[in-house]
1. Name every residue in the stretch 149-178 that is surrounded by fewer than 23 Cβ atoms within 10 Å (Cβ to Cβ) and among the small types (Gly, Ala, Ser), in order of residue number.
2. Test of understanding: among Ser273, Ser306, which residue is closer than 17 Å to Met395 by Cβ and either of a type in the set (A, V, I, L, M, F, W, C) or open to solvent by 40 Å² or more (accessible area, probe 1.4 Å) (or both)?
3. So, Lys399, is that one more than 16 Å from Pro292 (Cα to Cα) and either over 20 Å from the mean Cα position of the chain (by Cα) or open to solvent by 20 Å² or more (accessible area, probe 1.4 Å) (or both) or not?
4. Scan Gly349, Gly390, Gly358 and give me the residue that is at positive phi and modelled with pLDDT under 95.
5. From the list Phe290, Phe321, Phe328, pick out the single residue that is within 21 Å of the chain's Cα centre (by Cα), at pLDDT below 95, over 16 Å from Tyr388 (Cα atoms) and buried (at least 22 other Cβ atoms within 10 Å of the Cβ).
6. Exactly one condition in (1) of a type in the set (Val, Ile, Thr); (2) in contact (Cβ under 8 Å) with a residue 60 or more places away in the chain; (3) open to solvent by less than 10 Å² (accessible area, probe 1.4 Å) is not met by Thr146; state its number.
7. Picking from Gln187, Gln181, which residue would you name as being open to solvent by 40 Å² or more (accessible area, probe 1.4 Å) and more than 27 Å from Ser354 (Cα to Cα)?
8. With the checklist (1) touching a strand residue (DSSP E or B) at 6+ places or on another chain (Cβ under 8 Å); (2) modelled with pLDDT of 95 or more in hand, flag the one item Ile17 doesn't pass.
Amino acid sequence: MKKIIYCVIITISLVAISACEKKETKGPIKIASIEPLSGPYASVGKDIVDSLQYWADVTNKSGGVLDGRMIEIIPMDNAMKAEKTTELLRKAIDDGIRFITQGGGSSHALNIIKQLEKYNARNPGKEILFLNNSSVTTSFTNEHCTFYHFRFDANVDMKVAGLISHMSNDNSIEKVYLFNQNYVYGQTFRETANRVLKEKAPNIEVVGDELIQPFGKVQDFNPYISKIKLSGADTILTGNWGPDVYRLINALADAGVKVKLFGIYISQPSGISAMGKNLLHNDVVVVKEFNPTNSSAPDWYKKMDSDHIAKKGFTPDADRFRFMFEMFKAAIEKSNSLEPKDIAYALEGIKGKSIDGGKIYMREDDHQIHFDMQALLVSESNGQSIIYRGADSDMSYVKVGNIPVEDITLKTSCNMKRP
């Protein structure tokens, strides 16, 4: 006769204690991705989510983590609104999700950092780990650093240092116009650019310094183009992204203004269709951790690149999503745990695999990733074009400079408290 095991509920005073404890399931490891999936920045957010889902799938097909646990990305649309980010973060916590990732907008990243710092301090044993894939304001790994935050992209100071390091070798650059968005990231870019130009390129004169209302609010860029022309600038240094940079590029081309442009996110694939060949009207130089159209990349990466295009419809614009998933998996397996605290300790100092043999490591002091970067010029197609949503842009990147990690390794003011 089969034995029947009953769950006995014992009531003591007003507290009910269940003798049957809920066992851990073998379900997926959920990562909430909080991004703008609607509104003017929806294409950027969707590209981030698609890249996250792609690398999650790669991880899952390689056997998942630990005993075969799969990774599941849970997309959440904040529509680029601060109150929505707060709401979604609370929902993720209520749903038992213990890993958060985000990249579209540093103001939203700061919101997450501050809220999780309070939550984690008040809820030992239930901590949430923030995997920052693209929000680059420097303070997140300086004065706002926290144990449960890891950044898998170079910060603003590092990227600006890389840009200006390359600019300083160009003798044709004499006058630069700073053009940025008026929020925490754009302000940081502006402050860093002014400081690093004085330090590394004192021969370059700043002839303009503009902050615009961010996130697609500015429709007419002609007044700004007039200011740039009057300033005599030969170069624009900008951290702008999304519609704010696409409209700038188009306005410069429409007005026939010839300047060099140096930036971080000028040539995001989501903007290729919005800019078209206007992107080639001026020399556009960006800094990245790799060349997305490098025909000399190793075969293993070429296969991944082709697979990404086939499944997601666009050329990977960043390699940091691969870094993040490979490091996350390695940290889980190193710690043999799915607890955010254990994973965080395992992520400290962890090393990654570069496409071309360069250095990649997560600095223990501030949880800031470090890697070699490249200066890339947007050019006519060299045979391997940037593809976006199935359309061939007929444009590629040409490497015009190497930026070793040592040149962008900066001091940190992080004074991290560890549990």
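1. Selection gives Ser165, Ser168, Ser172.
2. Only one candidate qualifies: Ser273.
3. In short, no.
4. On the way: Gly349 fails: modelled with pLDDT under 95; Gly358 fails: at positive phi.
Residue meeting the stated conditions: Gly390.
5. Of the residues listed, the single one that is within 21 Å of the chain's Cα centre (by Cα), at pLDDT below 95, over 16 Å from Tyr388 (Cα atoms) and buried (at least 22 other Cβ atoms within 10 Å of the Cβ) is Phe290.
6. (3)
7. Gln187
8. (2)
The values are calculated or read from the model by the stated rules, or taken from the named source; none is laboratory data. Keep in mind the model is a prediction, meaning the values are calculated, not measured. Note that each Cβ is placed from the backbone with ideal geometry, even for glycine, and that neighbours are counted across all protein chains shown. Please note that ligands, DNA and RNA were not included when accessible areas were found on the heavy atoms of the full protein model with its side chains. Shrake-Rupley method; radii C 1.70, N 1.55, O 1.52, S 1.80 Å.
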